Amino acid sequence: MGYKNTRQCLEGLEAIGELVRIEKCVDAKIEIGTIQRRVFRAGGPALLFTNVKGCRFPMAANVFGTKKRMRYIFRDTVETVERLMKLKLNPMEALKRPWQYLGAPRTAWHTLPKKVSWGPVMQNETTVSQLPELVSWPMDGGGYVTLPQVYTEDPDAPGWAGSNLGMYRVQLTGNEYERDREVGLHYQIHRGIGHHHARAIRRNLPLRVNVFVGGAPAMTLAAVMPLPEGLAEIFFAGAMGGHRIPMVGVDGGLPVPAEADFCICGTLVKGVEKPEGPFGDHLGYYSLAHDFPVLRVDKVLHRDGAVWPFTTVGRPPQEDTIFGEFIHELTADLVPSVFAGVHEVHAVDAAGVHPLLLATGSERYVPYAAERQPQELLTNAFSLLGNTQTSLSKYLFIAAGEDMRAGLSCHDVPAFFRHVLERADLTRDLHFITRTTIDTLDYSGISLNQGSKLILAAAGERKRDLASEWAGDVDLPYGFRDPQVFAPGILVVKGLKHRRKRDQQDPALDRLAGVLAKARGIEGFPMIVVADDAGFTARNWENFLWVTFTRSDPATDIYGVGAFTHAKHWGAEKAVVIDARLKTYHAPPLEPDPDVEKRVDALGAPGGPLHGII
């Protein structure tokens, strides 16, 4: 029932042809991450690198790189866990179809960790400098752990029940860290470890932290699972792993999974922060160096035959996309029970996940009204922005489910955009939240962790016909050119290079909006996007979503054709203009190393270990 450690999992994948061994010497700095991304994009197998330059530990990648492989790894448990998720939604199901829930008591038993006195992870000790030094992108600040399971317990109530297991990147080398004694721990806002750290600081105590690497695949999945606060991820790991997770009790320290490949044990000391980063992140840009807590390393454990699992992130889609899709499949039916009135949600991966959330909900507040308008939808929207990971969303487009034709879903992005743009009243349905928290990795705001949000709600009958042709009857202001119709109702325009400071609007965009107000049929383009490269942005939906929503802050970067402010409400009479240019203060986009790409090309040539894969 479920894989108990990394070796079991890799052997299982190899047995069905889903793993390839790379015995050629490869470098963990840039090269190995480039290989992983190339193989992922090709839909290729898991990879086991047995000869890593300057390191005695093998590395494994792309283990979770396809939905087929993900479901195979958890094939013994996924259906039972899915049924239990639905049972929360409808408890009567167990009475109607009891035969489908015969495994529930066993699964509940598996959620309880099993305390043991020893395990394979305790076999050896090493140092941080002996671990693989994965550098994913050319400007990364050092080597990183990219699939860590960071374990902490509540200082006010120690034990498994109040524990947190999260995936927060760990910088092993570089910057100002003392070799073998310190590593950087980067955790973003709205993460469970933050509650534990705050309580430790309040009590003037160091916070003990264990960083697990490898072990049961279910532990890795649990570390990225967005569970409700108060529900320990380690319990979910047992359910998905199909067995009780054996944990070695350590005198004076935190427990360690017996089957983990590695464990870095240490403490966060109050008042000690050092620069962490840069790091090529999942929005497709570098997150820059900022002060984050320092983990003082007490010891590093590893088992015999340890394997170092890793991934790399970058502009979506990447391997973390598969985690998101798998989690959505597990939890989609639970959305209405977590957010009353919300039917479905879609955190758009192509836009970097948190920058854009699409949703449908109920609009039942005034069913007898002659004209339906967003009312309950706004309640739904604020619920989404006030709870769980959806609270990190920057743009939220929400539509009334009752208005949508049968089969239309917010997962059909082009159709959903069309539906919203046809129905939104731009004088009424734009709702800004300013000077608020945003995702730590999003540099479009006014400072780290701070920016704005926008709710665009749509209900009722169609209000406009969306245009598919640009009349071109006005001369655009200096610096703006190459207008392109991307999709019905969406126009993309090339803009001049951004030169303003952070937290400043650009008068050039107001001039553009003024000229567009005179254009014939401009009402048919309710969304106008200004980009550095109109051709690239309008090439496909993936480019459009990435550029538009990762490079703009709603309050700073939205302008209006016919803009007005009335009683502190902002609206636009004809169209909104989104400034999606790279700003002077944005983090740089990720760019591959061309020399490394050529070396990786050679691995895919005839006779190479990746021939026929990349």
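Considering only 313, 365, 265, the residue lying farthest towards the positive end of the dipole of the stretch 260-377 is 265, judged by Cα position with unit charges set on Cβ. This model, with +1 at the C-beta of Lys and Arg and -1 at the C-beta of Asp and Glu, gives the stretch 482-573 a dipole about its Cα centre of some 260 debye.
Placing unit charges on the Cβ atoms only, positive for Lys and Arg and negative for Asp and Glu, gives the chain a dipole magnitude near 460 debye about its Cα centre.
Ranked by the mean number of other Cβ atoms within 10 Å of their residues, highest first, the peptides 479-489, 230-240, 297-307 fall in the order 230-240, 297-307, 479-489.
Using Cα atoms only, what is the angle between the long axis of helix 541-550 and the major principal axis of the chain, expressed in degrees (0 to 90) to the nearest 10? For 541-550 against the chain, the angle is about 90 degrees.
Spatial offset of the stretch 307-341 relative to the stretch 408-427 amounts to 23 Å, using the alpha carbon center of each. Pairs exceeding a 19 Å alpha-carbon distance, out of 394/583; 494/583; 394/501; 463/574: 394/501.
Shape descriptor for the stretch 559-614: Rg over Rh equals 1.49 (Cα atoms; Rh from the Kirkwood inverse mean 1/r).
Per-residue Karplus couplings for the stretch 243-259, computed as 6.51 cos²θ - 1.76 cosθ + 1.60 with θ equal to phi - 60°, are listed in order as 7, 5, 6, x, 10, 7, x, 10, 4, x, x, 7, x, 10, x, 4, 9 Hz, Gly and Pro entered as x.
Computed on the stretch 361-462, with alpha-carbon pairs under 8 angstrom and 6+ residues apart, the relative contact order is 34 percent. Taking a straight line from the alpha carbon of residue 115, these lysines sit under 24 Å away, with near neighbours fewer than eight places off in the same chain left out: 4, 299. Using the average count of surrounding beta-carbon atoms within 10 Å as a protection proxy, the listed peptides 510-517, 391-398 rank, highest first, as 391-398, 510-517.
Only Lys, Arg, Asp and Glu carry charge here, each on its Cβ (+1 for the first two, -1 for the last two); on that basis the stretch 404-547 has a dipole of about 300 debye about its Cα centre. Were the residues from residue 290 through residue 518 laid out at 0.36 nm apart, the gain over their Cα-Cα distance would be 77.5 nm. Full extension of the chain segment joining residue 327 with residue 139 gains 64.6 nm, where the gain is 0.36 nm per residue of separation less the Cα-Cα distance. Given a Förster distance of 41 angstrom, what is the FRET efficiency for residue 511 paired with residue 412, based on the Cβ-Cβ distance and rounded to 0.05? Calculated transfer efficiency: 0.70.
Work out, step by step, the length gained on full extension between residue 475 and residue 269: first 0.36 nm times the residue separation, then minus their alpha carbon distance; give nm to one decimal.
Here the answer is 68.1 nm.
Label 7 Å along Cα→Cβ of residue 568; the stretch 338-382 residues with amide nitrogen under 19 Å? Flagged as within label range: 378-379, 382.
If r is the Cβ-Cβ distance from residue 500 to residue 436 and R0 is 22 Å, what FRET efficiency results, to the nearest 0.05? After rounding to 0.05, the efficiency reads 0.55. Rounded to the nearest whole angstrom, the semi-axes of the ellipsoid equivalent to the stretch 221-271, taken from the Cα gyration tensor as √(5λ), stand at 21, 17, 10, largest first. Kirkwood's formula applied to the C-alpha pairs of the chain gives a hydrodynamic radius of 25.8 angstrom.
Its DSSP H runs of at least 4 residues, each contributing -39,500 (n - 2.57), put the calculated 222 nm mean residue ellipticity of the chain at -7000 deg cm²/dmol, to the nearest 500.
For the stretch 504-555, what does the equivalent ellipsoid look like in terms of its semi-axes, each the square root of 5 times an eigenvalue of the Cα gyration tensor, given largest first in whole Å?
Details: eigenvalues 84, 49, 19 Å².
So the equivalent ellipsoid measures 20, 16, 10 Å along its semi-axes.
The value given for the stretch 239-370 is a Kirkwood hydrodynamic radius of 19.5 Å, derived from the mean inverse Cα-Cα separation. Here the relative contact order of the chain, from alpha carbon pairs under 8 Å that lie six or more residues apart, stands at 13 percent. Counting DSSP beta bridges in the chain, what percent are antiparallel, to the nearest 5? So the antiparallel bridges amount to about 70 percent of the total. Seen from all directions on average, the stretch 478-613 presents a Cα convex hull projection of 11.1 nm². Rounded, prolate or oblate for the stretch 378-471? Axes are the square roots of the Cα gyration tensor eigenvalues, ordered a ≥ b ≥ c, and the cut-off for rounded is a/c under 1.5. Judged from the Cα gyration tensor, the stretch 378-471 comes out prolate (a/c at least 1.5, a/b above b/c). When every alpha-carbon pair in the stretch 295-425 is counted, what percent end up more than 26 Å apart? Percent of Cα pairs beyond 26 Å in the stretch 295-425: 34.
Rounded to the nearest 10 degrees, the angle from helix 594-603 to the longest Cα principal axis of the chain is 60 degrees.
The packing ranking of peptides 10-22, 460-472, 47-59, highest mean first, is 47-59, 10-22, 460-472, where packing means the average number of other beta carbon atoms within 10 angstrom of each residue. Taking a virtual spin label 7 Å from the Cα of residue 203 along the C-beta vector, which residues in the stretch 138-155 bring their backbone nitrogen under 14 Å of it? In the stretch 138-155, the label zone of residue 203 (backbone N under 14 Å from the point 7 Å along Cα→Cβ) covers 152-155. Sorted largest first by accessible area at a 1.4 angstrom probe radius, with every protein chain in place, the residues 151, 365 fall in the order 365, 151. With R₀ set to 45 Å, the beta-carbon distance separating residue 462 from residue 195 gives a calculated FRET efficiency near 0.50.
The values are calculated or read from the model by the stated rules, or taken from the named source; none is laboratory data. Because the structure is predicted, anything quoted here is derived from the model rather than measured. Using ideal geometry, Cβ is built from the backbone for each residue, glycine included, and neighbour counts are taken over all protein chains shown. Note: accessible area is taken over every heavy atom of the protein model, side chains too, but ligands, DNA and RNA are not part of it. Shrake-Rupley method; radii C 1.70, N 1.55, O 1.52, S 1.80 Å.
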